[in-house]
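Here's the structure we're looking at; comments come further down.
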Amino acid sequence: SCDTSQLCNCSSMGLDFVPLGLTAKITVLNLAHNRIKHIRSQDLQQAVNLRALLLQSNKISSIDEDSFQSLAKLELLDLSNNSLVHVSPVWFGHLFSLQHLHLQGNSYRDLGESSPFSSLKNLSSLYLGNPQFSVIRQRNFEGIELLHKLWIDGSNLSQYEQGSLKSIKKINHMIINLRSINVFSDIVRDIRHSVAWLEVRRIEFSITAEMQLLRVMSSSFAKKISFRQTLLTDATVPELVRILVDMPKLVELELVDCRLLGTGQWKMRIQAKQSQTLRVFTIENLSIEKFYLFTDLQAVEGLLSLFRRVTVRNTKVFLVPCRISQCLQSLEYLDLSANLMGDQSLEHSACQGGWPSLQTLNLSQNSLSDLEMTSESLSHLGNLIVLDISQNNFGEIPSNCTWPKTLKYLNLSSTQIPKLTKCIPQTLEVLDVSGNNLKEFVLQLPLLKELYLTKNQLKALPGATPIPNLVALSVRRNKLNSFSKEEFESFKRMELLDASDNNFICSCEFLSFVHHEARIAQVLVGWPDDYVCDSPLAVRGAQVGAVHLSLMECHRSLVVSLICVLVFLAILLLVAVGYKYHVVWYLRMTWAWLQAKRKPKRAPPKDVCYDAFVSYSENDSDWVENTMVRELEQACPPFRLCLHKRDFVPGKWIVDNIIDSIEQSCKTLFVLSEHFVQSEWCKYELDFSHFRLFDENNDAAILILLEPIQSKAIPKRFCKLRKIMNTKTYLEWPLEEEQQ
């Protein structure tokens, strides 16, 4: 399970214990998702160079105290999602290099009376807690002074001793999952000067009286506050906002997957001077049950003027009131993606005087459908540089549009545009029109530096003359089959060409260009760097100059056409031969014989109509009809014979007549002669009779040798006749009249 870098992956193997034979060479050991219940002292004793030990998602309930004693170089230990009921400081006593410790998802209720982490001087990230975790004691974090990330699952945390987290001098990012406002208030009091980014999950701000407990947050030095899966109401939002705007260093506020009960009827008014630092505001997946009744946010107009970056993604926004847009005087970045903005609502939202400082606007995944109207609505934004309107449904676009003169980046990918027109602004430096089924690109964009045409229907590279300053071009997943060195070199400033996932036809000229063009920084065609084409498959190792192309590779279209013609001629020849030699007839006869093989072995007695069926050549008909038949049918008692001339049913297929006549006869008389063995019909009659003779195990065949036949004269195809003559007694018609 170990690779060359001594990373041993033993995850999901159904192991019940740590495998034996671990050596000092191993640096990473992954034992996750097994059934290990106990870590013994000797299990890891030899793995002295281990850097990472992954034991998550097992059933570990006990660990010997000296199990990790030899792991002085261990940097990552993951014991999450097991069944540990306590955490022992002895486990970590010799882990001097440990930086990342994961203990969440176990069954312990507390961390003990003292600190389990006091010896971990290099600890950078700590994950702990579980649904049963209920108590944090004052000395639990002693010895830890700096953490990059602290994650505490305290959904049922009910007791927090004041000062427990105060010993940690600095926490860059703290994530805490809890429900109790009281506990949250006590924790904030201890970390208000140490946490840079505080992320709170699953808390409910629904009771106005409880919000007073959070006033301690107003003195926090946190620069970023995130609320995830948090419940807010119209009554608690004003109180929370007042607390946040008083925070002296707060720069960024984030609401993700939250729920608001209300319609924005907030009885408050925030002045801009109350928060001099808040600049970034993000809302993602905010659920507002009655979003269509939501008000125009007049209460927070004063606060909006400070924002420089605002993201409101996937929140059912269908309109930004003009007055709000005009308040966003400092806004430089606005992301309204995955909402319900339409052409008319965008025109109202981007009204005159709105978003005057805006440089980047993201309107992807909305309900825009008129590109001319979209461009006109945004044309007054004098500072707009980047515009993303991808994944809308524009369809046909007009010949001319009015855009902001400062626009340099435009994303029109996946917008159902069948053909590009002069509506595309001339000022662009970056254009993305991927995923639009375009068949050509003929626009003249003199300033364009980057062009993305991925997932279209192009069969040739765009011309270089209309886009002389192009530096990077992506034509992935199109229908290109080749391009020449001259075509590429016409792009004087090209540094990157990504043409992978196309239908390139290999040629030495093309390969030599791809591999050896010194001026090109990178050309991607989706082949290995040492791909050569002396066969249709990728052959590694040969020099490009020594490649010899096959006829198929050099003239693929011609060869395919020639093969098609030859196949057609071969089919035509087979049809002609089959017609001349009655192949279809023989196939039908073979099918009839196979059907006869599947019929019941014996016909019912009531279906037997003749004493014998006579098989003979037409050339012997004079003897058969005038001598043998006359004698037998006039005998006393007379025999009933079946003759093909007389008894075959008119209009019935010959093979069916033969099969039915043989089956309706007790015997089959074969009149053998030189003419008989030359007749195909006689051969088939013999075959069917032979079937009855051997398959039904009876004596139905009687042979009459009308004239002597040399064995050499019997064709090889009459192998059954040879077999019958060697196994059955046959009659010879004598030449002397008195013996006849």
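The number of residues in the range 331-341 that are buried (at least 17 other Cβ atoms within 10 Å of the Cβ) and part of a loop (DSSP other than H, G, I, E, B) comes to 7. Looking across the range 404-452, just one residue is in contact with a Gly (Cβ under 8 Å, 6 or more places away or on another chain) and of a type in the set (D, E, K, R), and that is 405. The set of residues in the range 601-643 that are at pLDDT below 85 and in contact with a strand residue (DSSP E or B) (Cβ under 8 Å, 6 or more places away or on another chain) contains only 608. Every condition in (1) closer than 26 Å to residue 394 by Cα; (2) part of a loop (DSSP other than H, G, I, E, B) holds for residue 494 except the one numbered (1). Within the range 205-221, residues that are outside any helix (DSSP H, G or I) sit with their Cβ atoms under 6 Å from residues that are open to solvent by 60 Å² or more (accessible area, probe 1.4 Å), at 6+ positions apart or across chains, in these pairs: 220/192; 221/193; 221/249.
For every residue, the table says whether it meets (1) more than 35 Å from the chain's Cα centre (by Cα); (2) β-branched (Val, Ile, Thr).
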residue: 52; (1), (2): no, no
residue: 68; (1), (2): yes, no
residue: 72; (1), (2): yes, no
residue: 81; (1), (2): no, no
residue: 84; (1), (2): yes, no
residue: 90; (1), (2): yes, yes
residue: 97; (1), (2): yes, no
residue: 106; (1), (2): no, no
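Selection over the range 126-150 of residues that are open to solvent by 10 Å² or more (accessible area, probe 1.4 Å) and within 41 Å of the chain's Cα centre (by Cα) gives a count of 5. When the range 644-685 is filtered for residues that are farther than 12 Å from residue 615 by Cβ, at pLDDT below 85 and of a type in the set (Asp, Glu), the ones remaining, listed by number, are 656, 660, 663, 674, 680.
Look at the range 401-413: where a residue is closer than 14 Å to residue 372 by Cβ and a partner is open to solvent by less than 20 Å² (accessible area, probe 1.4 Å), sitting 6+ places away or on another chain with Cβ atoms under 6 Å, you get 401/375; 401/423; 402/375; 403/375; 403/425; 412/433. The set of residues from the range 392-440 being touching a Pro at 6+ places or on another chain (Cβ under 6 Å) and surrounded by fewer than 20 Cβ atoms within 10 Å (Cβ to Cβ) comprises just one member, 423. Which count do you get for residues in the range 35-80 that are open to solvent by 10 Å² or more (accessible area, probe 1.4 Å) and at negative phi? Number of matching residues: 30.
Among the residues here, residue 190 does not qualify as within 18 Å of residue 136 (Cβ to Cβ), open to solvent by 30 Å² or more (accessible area, probe 1.4 Å) and acidic (Asp, Glu). When 484, 535, 490, 500 are checked against the criterion of being more than 26 Å from residue 429 (Cα to Cα), modelled with pLDDT under 85 and of a type in the set (Ser, Thr, Tyr), 535 stands alone in meeting it. Is it the case, given these coordinates, that residue 443 is of a type in the set (A, V, I, L, M, F, W, C) and open to solvent by 30 Å² or more (accessible area, probe 1.4 Å)? Considered against the rule, which asks whether it is of a type in the set (A, V, I, L, M, F, W, C) and open to solvent by 30 Å² or more (accessible area, probe 1.4 Å), residue 443 comes out as no. Screening 326, 352 for residues that are touching a residue at least 24 places away in the same chain (Cβ under 8 Å), in a helix (DSSP H, G or I), farther than 30 Å from residue 418 by Cα and open to solvent by 30 Å² or more (accessible area, probe 1.4 Å) leaves exactly one candidate, 326. The requirement of being over 24 Å from residue 153 (Cα atoms), modelled with pLDDT under 90 and among the acidic types (Asp, Glu) is fulfilled nowhere in the range 202-221; no residue meets it.
The values are calculated or read from the model by the stated rules, or taken from the named source; none is laboratory data. Keep in mind that this is a model prediction, so the values were computed, not measured. Don't worry about glycine lacking a Cβ; one is built from the backbone with ideal geometry, like all the others, and counts go over all protein chains shown. Ligands, DNA and RNA are excluded from the accessible area calculation, which covers all protein heavy atoms including side chains. Shrake-Rupley method; radii C 1.70, N 1.55, O 1.52, S 1.80 Å.
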